[in-house]
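K.L.:
Here you go, one structure.
The values are calculated or read from the model by the stated rules, or taken from the named source; none is laboratory data. Source: prediction; values computed, not measured. As a convention, Cβ positions derive from the backbone with ideal geometry for all residues, glycine included, and neighbour counts pool all protein chains shown.
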């Protein structure tokens, strides 16, 4: 049996001699993606699967150097070493490489995700953190309607189940989390609709026609905008940005009341770092639902600054009805009736209000040029409204996110862990 907890410090040459390289042209981009977006996970692996102490981990950053058939190699370096010389006190942590074994060897790159998830689940459980769930959920569609020009809200429900003794069991649908993502099975609805259509006979499904019925993209992540318990069921909102002819948008737009939707995987968002300090949230249409729920659950006495990027000006109304939990109430109960508002001026007016800086592009929100625009917009605001920004959370298109991270770290002089800018979609 493969030892999941195997961790050894070795030099780079020995790593290549002991383990089998995974030959795939995509490896470099996968490694770059994990290193850029999943530093906290790598530090978690080191905490659980190696002998590094908590004190040592507080001093280091980490990056994957290679992915092998048998596992991954993670290298440590002193935190912030890219901006400052290595201190003699930290030199023992520089360039150490730890090997973390998979539960089972992988034979191709397609196997990597499953093994990486197993590592993450094991580490998160040990650390007491929320983690990815590979579970199937079935929701009933109750209604759908536009809440802005291009944003469609799906109203979903799920019964609260009871056991043999009649005791209701707790649902796995989170009611107090922001950014919780579900992987929706688009193929479920395509196949169901095809089977119910008079235009498609049983032979078409059974004799190879099934492949032609599958959507061009079989699944898609969407954020749980909000969920709550109502009588004997859980009610939920999922907000979907409709932008052109896309598999996910078409799927959402065609859903009818009475249909079911199926999810295959669940993923919690990383927002714990926003609990203190002055935060800025940077969102586009795909991540506005996360920011909206963050505001409703806000437990930081300082209200955030929000940069909201939309292709269409008419989608900027999304935050108009969002009510932020007050700074006083964030310590105690969740009072959703507090009357808050959006302050779109150039200054905030108290701890119960949040400021939105709108950016309207009139084009698809992607690319490094957009990152420059976001950075300059923030810079202009901070010139007129001196704030010490301590934390950043954002979620954007891949190329925009990559370019924006480095711009914000330089402007705000923050570490990698202080600037969390996620990839929510890719322009392809």
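K.L.:
Could you check the range 281-291 and list, in sequence order, the residues that are surrounded by fewer than 24 Cβ atoms within 10 Å (Cβ to Cβ) and either over 14 Å from the mean Cα position of the chain (by Cα) or more than 16 Å from residue 180 (Cβ to Cβ) (or both)?
P.N.:
none
K.L.:
Taking residue 251 and the conditions (1) crowded, with 23+ Cβ neighbours inside 10 Å; (2) on the phi > 0 side of the Ramachandran plot, which numbered condition does it fall short on, given that it satisfies the others?
P.N.:
Unmet condition: (2).
K.L.:
Restricting to the range 41-56, count the residues that are surrounded by fewer than 17 Cβ atoms within 10 Å (Cβ to Cβ) and part of a helix (DSSP H, G or I).
P.N.:
Residues meeting the conditions: 3.
K.L.:
For the subset of the range 377-398 comprising residues that are closer than 20 Å to residue 287 by Cβ and over 23 Å from the mean Cα position of the chain (by Cα), which member is surrounded by the most Cβ atoms within 10 Å (Cβ to Cβ)?
P.N.:
The selected residue is 381.
K.L.:
Another question, if that's okay. Looking at the range 117-124, can you tell me whether even one residue there is buried (at least 20 other Cβ atoms within 10 Å of the Cβ), modelled with pLDDT of 90 or more, in contact with a strand residue (DSSP E or B) (Cβ under 7 Å, 6 or more places away or on another chain) and in the same structural domain as residue 33 (by TED's automatic domain parsing)? Show your work before the answer.
P.N.:
Restricting attention to the range 117-124, the residues satisfying the condition of being buried (at least 20 other Cβ atoms within 10 Å of the Cβ) are 119, 123.
From what is left, the residues that are modelled with pLDDT of 90 or more are 119, 123.
From what is left, the residues that are in contact with a strand residue (DSSP E or B) (Cβ under 7 Å, 6 or more places away or on another chain) are 119.
Pick out the ones that are also in the same structural domain as residue 33 (by TED's automatic domain parsing) and you get 119.
Yes, some residue in the range 117-124 is buried (at least 20 other Cβ atoms within 10 Å of the Cβ), modelled with pLDDT of 90 or more, in contact with a strand residue (DSSP E or B) (Cβ under 7 Å, 6 or more places away or on another chain) and in the same structural domain as residue 33 (by TED's automatic domain parsing).
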